[in-house]
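Below is one structure, written out as structure tokens; the observations come after it.
The values are calculated or read from the model by the stated rules, or taken from the named source; none is laboratory data. Owing to the predicted nature of the structure, the values given are computational and were not obtained by experimental measurement. When we count neighbours, we look across all protein chains shown, and the Cβ atoms used for this are built from the backbone with ideal geometry, even at glycine.
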């Protein structure tokens with residue numbers, strides 16, 4: 001009975017101390033605290049948005065869960081769990097820096113480039129929109145001709161998810177998008193016709209890229225390799241992937257694990273303008 005009474009008193013004391021801490025924190029809250037919270041929120045939001053599309057996304061969720069467990073253990077004074085998690089965090093912090101060094105470097109580069117981009121793009125939003133329109137028109141013209149000729153094609157249009165891993169599997173081009181260049185790349189005797197073309201910011205970043213196959217098993221059995229690769233790419237990114245069947249000439253689009261078929265040149269143009277320009281407006285708002 002004494003043990004239960006002592007435990008109850010200890011727990012109420014801990015809870016009372018926590019409530020006193022919260023009360024004093026609110027009473028002492030000032031402008032500096034508000035600025036501190038806002039900056040930390042922006043930093044965490046930007047970091048989470050960047051990393052959630054990476055392979056580290058699932059790991060971030062696990063870390064957040066452990067942090068909540070640690071907070072719970074601190075609140076109710078659970079020394080065993082606190083000790084284990086403290087040791088884990090000390091070792092894990094160093095391990096994470098080593099394991100995710102490329103992602104951290106890319107994050108810092110992205111912060112710097114986005115700041116510069118925000119300054120340099122104040123006067124050229126209209127010109128960027130024109131680049132999008134020109135790129136979409138070139139893609140649709142090329143796809144229409146490839147469809148008529150029944151020449152297989154696989155085009156990935158990058159959006160917010162970074163596709164560096166995919167780019168490294170292909171041949172870097174960094175060329176302006178044109179219907180003639182796209183048709184030459186996918187010509188069945190051209191050296192780069194196998195694989196996918198990746199387009200980013202109105203330029204052909206790379207060709208002959210290898211895309212991941214779908215993870216889920218519930219994929220239509222009659223799909224060819226290009227269509228499967230398109231669905232697989234849509235599972236791991238928010239890219240828009242265009243496929244031209246070399247057997248039927250049918251134009252399809254894969255996005256968010258869904259394959260939409262039977263596009264014409266006009267319906268494809270409308271679809272791309274809606275999807276890509278909407279994404280561009282969202283990116284401008286976030287900047």
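Only one residue in 141, 128 is touching a helix residue (DSSP H, G or I) at 6+ places or on another chain (Cβ under 8 Å), in a helix (DSSP H, G or I) and closer than 19 Å to residue 262 by Cα, so which one is that? Testing whether each residue is touching a helix residue (DSSP H, G or I) at 6+ places or on another chain (Cβ under 8 Å), in a helix (DSSP H, G or I) and closer than 19 Å to residue 262 by Cα leaves just 141. Kindly evaluate residue 203 against the criterion of being at pLDDT below 95 and within 19 Å of residue 272 (Cβ to Cβ). Taking the combined requirement at face value, the residue satisfies it. If you filter region 144-171 down to residues that are touching a strand residue (DSSP E or B) at 6+ places or on another chain (Cβ under 9 Å), part of a loop (DSSP other than H, G, I, E, B) and at negative phi, you find that the one that is surrounded by the fewest Cβ atoms within 10 Å (Cβ to Cβ) is 168. When region 246-262 is limited to residues that are touching a residue at least 24 places away in the same chain (Cβ under 8 Å) and in contact with a strand residue (DSSP E or B) (Cβ under 7 Å, 6 or more places away or on another chain), the one that is surrounded by the fewest Cβ atoms within 10 Å (Cβ to Cβ) turns out to be 250. Being without any contact (Cβ under 8 Å) to a residue 40 or more places away in the chain, in a helix (DSSP H, G or I) and surrounded by fewer than 18 Cβ atoms within 10 Å (Cβ to Cβ) is not true of residue 174.
Which is modelled with pLDDT under 80 and within 30 Å of residue 271 (Cα to Cα), of 150, 128, 141? Exactly one of 150, 128, 141 is modelled with pLDDT under 80 and within 30 Å of residue 271 (Cα to Cα), namely 128. Answer yes if at least one residue in region 234-244 is more than 23 Å from the chain's Cα centre (by Cα), within 21 Å of residue 255 (Cβ to Cβ) and surrounded by 14 or more Cβ atoms within 10 Å (Cβ to Cβ), and no otherwise. Yes, the conditions are met somewhere in region 234-244.
So that you can scan it fast, the table gives a plain yes or no per residue for (1) surrounded by 12 or more Cβ atoms within 10 Å (Cβ to Cβ); (2) farther than 28 Å from residue 161 by Cα; (3) modelled with pLDDT of 75 or more:
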{"site": "46", "(1), (2), (3)": "yes, no, no"}
{"site": "50", "(1), (2), (3)": "yes, no, no"}
{"site": "54", "(1), (2), (3)": "yes, no, no"}
{"site": "59", "(1), (2), (3)": "yes, no, no"}
{"site": "71", "(1), (2), (3)": "no, yes, yes"}
{"site": "79", "(1), (2), (3)": "no, yes, yes"}
{"site": "97", "(1), (2), (3)": "no, no, no"}
